[in-house]
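Here's the structure, in structure tokens; my notes come after.
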Number of protein chains: 2
Amino acid sequence: MADVASLNKEVQEQSNLLKSLRTSNADANLIDEAKKRLGDLKKALGAATGTKDPKEGTKKKDRLLLKTPKGTRDYGPTEMFCREYVERIVKDCFTSHGGSCLDTPVFERKEILAGKYGEDAKLIFDLQDQGGEQLSLRYDHTVPLARYLAMTGLTNTSSKLWQVGKVYRRDNPVMSKGRMREFSQADFDIFGQWDPMIPESEVLSLLTSILTRLEVGEFTIKLNHRKILDGIFEVCGVPEEKTRPISSAVDKLDKLPWADVRLEMTLEKGLDPDVADKIGEYVKLKGGEELLTKLEEDSVLKNSARAQEGLKDMAILFRLLRIYKITEKISFDLSLARGLDYYTGLIYEAIVEGSAPPGFGTNPAVPPSQGTESAVVAPSKPAKKASSKSKAKSGDDEDEEIDESQVGVGSIAAGGRYDNLVGMFVAAASGDSKKVAGLPCIGVSIGLDRIFAILWPKWEGRGMRAKETMAYVISVGDGHLEQRIELVRELREAGIKADFYAKNKPKLPTQFEAGERDEVPFAILIGGEELTNGYVRVKEQRWQVVDGKKEKIQASGKGELVKRTELIEWLKQTETLRTWSSGKLV
Amino acid sequence: MADVASLNKEVQEQSNLLKSLRTSNADANLIDEAKKRLGDLKKALGAATGTKDPKEGTKKKDRLLLKTPKGTRDYGPTEMFCREYVERIVKDCFTSHGGSCLDTPVFERKEILAGKYGEDAKLIFDLQDQGGEQLSLRYDHTVPLARYLAMTGLTNTSSKLWQVGKVYRRDNPVMSKGRMREFSQADFDIFGQWDPMIPESEVLSLLTSILTRLEVGEFTIKLNHRKILDGIFEVCGVPEEKTRPISSAVDKLDKLPWADVRLEMTLEKGLDPDVADKIGEYVKLKGGEELLTKLEEDSVLKNSARAQEGLKDMAILFRLLRIYKITEKISFDLSLARGLDYYTGLIYEAIVEGSAPPGFGTNPAVPPSQGTESAVVAPSKPAKKASSKSKAKSGDDEDEEIDESQVGVGSIAAGGRYDNLVGMFVAAASGDSKKVAGLPCIGVSIGLDRIFAILWPKWEGRGMRAKETMAYVISVGDGHLEQRIELVRELREAGIKADFYAKNKPKLPTQFEAGERDEVPFAILIGGEELTNGYVRVKEQRWQVVDGKKEKIQASGKGELVKRTELIEWLKQTETLRTWSSGKLV
């Protein structure tokens, strides 16, 4: 019974989370949510073990476990309203920046994903062999995009593509922080031969405008350049074949103190301690353009042609970012390395400063306000329990422990330049490994679930609606089903979203309650003498949330008499209908 | 090499399709598309077998096959523009009818899907056992919805839910007709205790308004009622245990002539030939309300309480459909049975009359104009090669043949009432099979790929755009990168989607070509004396497609001088910016 073991663990973890939320005086909504989830988990555990729930009747066996798969969840109406709003803003920014949409299948031929994710390949979901092709669920949007570009030919024709959709990783989920096994990513990529750093600054401008419009809170985009990093390794004396392993150690500096990273370099990866110390001096550096100047003047770095190329890029980039007016969001950070092997130039990560976990302020390389994010959009570095008791066993679904209270939402977007990935596909498909004519690419992935995890408490606190219905047609007196349907049909046809209570003779309070539940602004009453005379009564209503409770604001007393034939025009003229937008996060 | 066998077959099929398109004088675009696909397939086959392509260089080995998995495809920018338009209309209709959004994971625990799809269960995609839960890709949206409703408690609170997303079936794909292994469905469901047939007519009204707004062409919604059908079987003398198998035979009447269906009933399923003949008299009937009157007066049917319940429902429904003004779209059709077991009341299917395949006019029960659709949204009945040479082997990916020229787009939407599905989950989860307190539900699934297959040729013929960019900023003379970026940034900030050519000193014609490729309506030229004096030149351009070729209509000659500081207001006042909508299918 793998489920029981897994559920036992989930119950334990959830119970720890609840405890820590309580001791940290967390928001009441968060505590309630955690409590509710703990209850659900306990119920599921009871169902799985057949244990008698004391509150329920007799012992029952062979019960179906009603839950979504580990690391996934349903999103109900109010949550989807928020998620659709986020997607709408993101897509609007994508098209504002000249992007066209691409959609690829949710699974790929297994060989397409092979050799692209290094040791994270173990996180790929495979489909069962049912005859025919071997398939895997996509792990990101970048590899399918590169496969698409290699298939369709390499042109500049429509050089900006965006994708929004779900990707899949068999990682350890931290549900409350938006770290899922099924999660939504929004990608924007620019491909083709363009002048240096112009695509880079377009992508950074795009990312800035998305995060600003979504009001995720104060954010920073950390930048680094693979050529500078590799140049640093070079001048410090890292042997060429150790460049990527050492880079991967540096990548952990946002999780671990320098001393630990240094140990990994020297003990685990056999680097000369003197070389490690030299690296340490560089990767502690962060700042703005003044750091660039400092590095340009660094006499040791002058010995690396690679580093000089990277610095030249950075100089152009800073000039462009000033024109885009986004330099104040940027932190040039030499400790940023990014996990994936295929990056070849600029790399970046966006972090939201208000969403950090506690207890990660001990990293000397990064001040607490910035050093607290966990592994990103690309969770190549699962945050382990701080006490290092974690028992990571690759391939086993149930064996890692995560203390959710120790995990922040983490970086909410990341990306970089990858000039060789499309070329790899072209070469592999032609069977000629020397054929490297590829297509330069740069892109960014935005973690929509992370953003949702940040926005949701605010959204929920404001009591946002879950429906767009603008008019609720109500009968006074004798049911009037036919008249209600006729009016609803006309309203809908005129573009006014409308509904009614689907019973023949519903009671007046029942109908009002139904409209109120969805905060429908216009109640339209039909019946009696008014109906006979060709009039309806329109009552405009508003609600607001005060201290977490919804309160009705009586906007129009008994309502207004409107001629039935003029109703649609009348409604269209109202301030409410003209200004209300489902997506307004006021 | 399963791939080679599969590709050989695909090449053969595609070549047949191309032949039949040519002999039938099909649309030139269709022929071109088929030709292109044949070329791609041959190339892929060459790559898979390592065969030398005569046009290419030396023989190459171990080449990566660059393709999407069988039954799936990428959608590029122009196609996505059309698909996003379709989704937008569908969602707008969903919210107009009071729906709230639900999103469930793309995979479910395997046991959730078990026992829901009868013999079609073999079409379910399973995930590989990598430790932990056994998972399957969702087969439709209905079962995840029922699981969600059973988990969250049974309330009427928000009684209308919609879902849009991809579902998965390992069926034999017919790509050109939108029958895929990965396909998009849009579902709308109403749950809860409501008065008879009001939810039914809401769903039918919704479906009508969606198909009308999408301009899919003339369509018919075929209706039947499971209780009437079961009542007919009852009075004709079908033993209770044979009700579902006989119903499943009737369901094939849209594919096979009555004689074949009769044989299945008598020979294969052991039904008394006299009973079969009696059934035959009923299931040939179709029509409008006059058919209802005829059945109400049928003295034999009076002996079935079930049939009488169904007829009572139909009488209420017809009255409501008149109020909704949609009776002319409806065909009451006793041959409609629908494959899925869980339907308990009204069932329906929408078919588009102009999208039928050739050669299916021989069904005596259905006139040619209606009897030509293939198995729907729920492809429970794969259309076999007309010559019955098909070699169906369940579980094998590569073994069924489909002659695409013999397949129409088929029904584009289908659904029905399913009052027991949620109750099944509740009972299974409680471990008490007697606990059947469920939730009545009714819903409809709309096949978005089928609709896309119908709309796409029309859309493509009109040369619709693939980007929303409204202004393309062009430098005259010396590059002016800084000024171009500044202007683009301001335009985007003001909500005007804008772009520029990402080079330092691009040539004038290159920039014009780039804007033209995306049909950007406003070219904004900066440079020279005008720039110094604070002016830009705005050139409005339009294109139209004549005989499949794009032609520019010079709308404003040399363009208009506009003050740089007034540009944004000036643009916002233009007719083009005020009226242009990306989704307009003019």
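Taking θ as phi - 60° and the Karplus parameters 6.51, -1.76 and 1.60, the scalar couplings of region A:307-314 work out to 4, 5, 4, x, 5, 4, 4, 5 Hz in sequence order, x denoting glycine and proline.
The packing ranking of peptides B:163-172, A:312-321, highest mean first, is B:163-172, A:312-321, where packing means the average number of other beta carbon atoms within 10 angstrom of each residue.
Within 10 Å of the Cβ of each residue in B:532-541, the mean number of Cβ atoms contributed by other protein chains is 0. Using 0.36 nm per residue and subtracting the Cα-Cα separation, the extra length available between A:GLU84 and A:ALA114 on full extension is 7.5 nm. Summary of packing: across the peptides A:175-188, A:282-295, the per-residue average of other C-beta atoms within 10 Å ranks them, highest first, as A:175-188, A:282-295. In chain A, the beta carbon lying closest to the axis that superposes A onto B belongs to the residue given here with its whole-angstrom distance, A:GLN128, 2. Distances, shortest first, from the label point of B:GLN134 to those at the same position in the other copies read 2.3 nm; the point lies 7 Å along Cα to C-beta. Annotation for A:GLU513, label-to-label distances across the other copies: 6.9 nm (shortest first, one decimal, point 7 Å from Cα along Cα→Cβ). Computed from Cα atoms alone, the Kirkwood hydrodynamic radius reported for region A:436-586 is 17.6 Å.
With just the Cα atoms defining each centre, how far is region A:526-561 from region B:87-107? Give it in Å. If you average the Cα positions of each part, the centres end up 28 Å apart. Counted residue by residue at 0.36 nm each, then reduced by the alpha carbon distance between them, the extension gain from A:ALA259 to A:GLU240 reaches 4.5 nm.
Going by accessible surface with a 1.4 Å probe and the largest first, B:HIS480, B:HIS141 read B:HIS480, B:HIS141. You can think of it this way: the chain between A:GLU218 and A:GLU290 has 23.7 nm of extra reach, that is 0.36 nm per residue less the Cα-Cα gap. Sequence-distant contacts, meaning Cα pairs under 8 Å at least 6 residues apart, place the relative contact order of region B:433-586 at 20 percent. Across the identical copies, the label point of A:GLN573 (7 Å from Cα in the Cβ direction) is separated from its matches by 2.7 nm, in order from shortest. Among the residues of B:559-569, the average count of other protein chain beta-carbon atoms within 10 Å of the residue beta-carbon is 0.
Ranked by the mean number of other Cβ atoms within 10 Å per residue, highest first, peptides B:533-542, B:438-447 order as B:438-447, B:533-542. A simple rule links phi to the HN-Hα coupling: the Karplus curve 6.51 cos²θ - 1.76 cosθ + 1.60 with θ = phi - 60°, which for region B:174-185 gives 10, 4, 5, 9, x, 9, 10, 7, 10, 9, 9, 10 Hz, with x for Gly and Pro.
Using C-alpha pairs below 8 Å separated by at least 6 residues, the relative contact order for region A:218-352 is 52 percent. Peptide B:131-143 has a mean of 4 when you count, residue by residue, the C-beta atoms of other protein chains within 10 Å of its C-beta. Averaging Cα coordinates gives a centre for region A:186-246 and one for region B:260-301; these two points are 70 Å apart. Approximating the spin labels as points 7 Å out from Cα along Cα→Cβ, the A:LYS36-to-A:ASP272 distance works out to 6.0 nm.
The values are calculated or read from the model by the stated rules, or taken from the named source; none is laboratory data. Just so you know, these numbers come straight off a predicted model, no measurement behind them. Here the Cβ is made from the backbone with ideal geometry for all residues, glycine too, and neighbour counts use every protein chain on show. Remember, those area values only see protein heavy atoms, side chains included, never the ligands or the DNA or RNA. Shrake-Rupley method; radii C 1.70, N 1.55, O 1.52, S 1.80 Å.
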